[in-house]
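Since the structure comes first, as structure tokens, the remarks are kept for the end.
The values are calculated or read from the model by the stated rules, or taken from the named source; none is laboratory data. Bear in mind that the values here come from a model prediction, so they are computed numbers and not experimental data. Note: ideal-geometry Cβ built from the backbone for every residue, glycine included; neighbour counts use all protein chains shown.
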Amino acid sequence: MKKAPPKPSDEELHQLSLEQLVEIIKALQGEVARLKEIISKDSKTSSKAPDGVT
């Protein structure tokens, strides 16, 4: 599992350019989508029964 980079402080975020902030937002949106995909495939967190179970 990949180690997450350290969380930037509010001060560090305020010093970033608009382009850098946009890149961070895009990366986070991709990570959220990836995690939602994983959760939706996990039968323990799904209200739908696994295939073959009636």
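Pairs, please: C-beta under 9 Å, at least 6 apart or cross-chain, first residue within 18 Å of Lys3 (Cα to Cα) and in the stretch 16-38, second of a type in the set (A, V, I, L, M, F, W, C)?
That search, which allows pairs on different chains as well, returns Ile24/Leu13; Ile24/Leu16.
Collect the residues in the stretch 1-35 that are modelled with pLDDT of 95 or more, under 18 Å from the mean Cα position of the chain (by Cα) and among the charged types (D, E, K, R), keeping them in residue-number order.
Hits for the stretch 1-35 are Glu23, Lys26, Glu31, Arg34.
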